[in-house]
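The values are calculated or read from the model by the stated rules, or taken from the named source; none is laboratory data. Bear in mind the structure is a predicted one, so any value in this text is a computation, not a measurement. Backbone-built Cβ (ideal geometry, glycine too); neighbour counts: all protein chains shown.
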Amino acid sequence: MVDYNLWLVFLLVFARLTSFIAVAPLFSNPSLPAWSKIGLGLFLAAAVTPFAGGPSLLEVDGITFSVLIAGEVLLGLALGITANIIFHTVMVAGQLMDVSMGFAMSNLFDPASQVQSTLMGRFLNLVALMMLLAMDGHHSMLLALRASFEVVPVTGVHFAGGTVQELVSVFSGMFLLAFKLAAPVLAVVFVSEMALGLVARTVPQLNVFIMGFPLKIGLGVLVMAVIMPIMAVVFGNILSQLERDLMTIIGSFR
């Protein structure tokens with residue numbers, strides 16, 4: 001006998017999972033074909049549905065069910081956007097570095113994010129992707145998504161003002177963290193510019209403007225090479241914070 005209630009629960013679970021996959025890092029990569037993302041959503045939904053629970057949906061009318069679908073989509077999108085904060089953070093940090101090093105005009109089209117990005121932004125984005133895979137960040141995201149059905153079961157999504165506040169808090173923390181990541185390069189380049197200013201005052205015959213470009217680029221790359229091992233530790237802390245942020249966002253939908 002066909003369990004129609006289970007199929008309705010499956011549709012709600014599928015809506016939450018696919019909306020997450022559509023915007024989450026790694027899973028939303030444009031190089032992955034659409035059918036593979038849909039297939040992943042179907043596979044995960046089939047695995048989660050038997051444990052999703054929830055009240056009977058057989059008496060629910062079409063309008064109410066559409067509202068339930070919209071709530072699941074909103075929750076999935078909120079989780080995916082929060083997970084994507086990692087890559088937005090390193091992208092902003094790379095752009096800050098490029099502005100100080102003189103690479104601000106050298107924009108590249110990033111096929112992974114479908115936006116224009118600078119050299120260091122693109123480099124840090126790739127580093128973040130490799131670290132995400134190396135530290136099993138994709139597993140952490142899927143586990144958080146699985147936990148969302150325990151904290152907020154299907155039909156239990158409630159969108160409140162606290163959700164918006166949590167998202168704003170996460171995004172504001174992104175800019176602060178991006179500045180911290182770029183701070184070593186910004187500080188060294190700033191000191192070099194001060195030194196070049198003093199040289200220009202004492203030896204006006206030198207073309208400090210021409211000398212400054214290779215000097216700032218060289219110092220910026222050198223500092224990046226020095227702090228790269230520390231970046232791994234910082235990224236591990238970012239992943240830990242991401243797990244807490246995801247659970248906070250999930251809790252705000254209860």
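Here are the numbers:
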read-out: Single residue of the range 150-163 satisfying the filter (part of a helix (DSSP H, G or I) and at pLDDT 75 or above) that is surrounded by the most Cβ atoms within 10 Å (Cβ to Cβ); value: VAL151
read-out: Test: residue in the range 149-172 that is in contact (Cβ under 8 Å) with a residue 40 or more places away in the chain, closer than 21 Å to ALA93 by Cβ and among the β-branched types (Val, Ile, Thr); value: yes
read-out: Test: SER19 is among the hydroxyl-bearing types (Ser, Thr, Tyr) and under 21 Å from ILE85 (Cβ atoms); value: yes
read-out: Selection count, the range 174-212, where residues are at pLDDT 80 or above and within 26 Å of ALA93 (Cβ to Cβ); value: 24
read-out: Test for ILE21: is it more than 21 Å from LEU246 (Cβ to Cβ), under 22 Å from the mean Cα position of the chain (by Cα) and either of a type in the set (Val, Ile, Thr) or modelled with pLDDT of 85 or more (or both); value: no
read-out: First in the range 74-99 and under 20 Å from MET131 (Cα atoms), second anywhere and in a helix (DSSP H, G or I) and among the polar types (S, T, N, Q), Cβ under 6 Å, 6 or more apart; value: PHE87/ASN125; VAL90/ASN125; MET91/ASN125
read-out: Meets criteria (assigned to a helix (DSSP H, G or I) and buried (at least 21 other Cβ atoms within 10 Å of the Cβ)) for PHE10; value: no
read-out: Pairs with Cβ under 9 Å, 6+ apart, first in the range 214-235 and within 18 Å of LEU96 (Cβ to Cβ) and assigned to a helix (DSSP H, G or I), second at pLDDT 85 or above and polar (S, T, N, Q); value: LYS216/SER192; LEU219/SER192
read-out: Filter pass, MET194 being out of contact with any strand residue (DSSP E or B) (no Cβ under 8 Å at 6 or more places or on another chain), hydrophobic (A, V, I, L, M, F, W, C) and touching a residue at least 24 places away in the same chain (Cβ under 8 Å); value: no
read-out: Set GLY80, GLY121, GLY76: member being modelled with pLDDT of 85 or more, farther than 12 Å from PRO25 by Cβ, in a helix (DSSP H, G or I) and of a type outside the set (A, V, I, L, M); value: GLY76
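Yes or no, residue by residue, for (1) loosely packed, with under 13 Cβ neighbours inside 10 Å; (2) under 30 Å from LEU219 (Cβ atoms); (3) modelled with pLDDT of 90 or more:
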{"site": "VAL48", "(1), (2), (3)": "no, no, no"}
{"site": "PHE51", "(1), (2), (3)": "yes, no, no"}
{"site": "LEU58", "(1), (2), (3)": "yes, no, no"}
{"site": "ILE85", "(1), (2), (3)": "no, yes, no"}
{"site": "GLY102", "(1), (2), (3)": "no, yes, no"}
{"site": "MET105", "(1), (2), (3)": "yes, yes, no"}
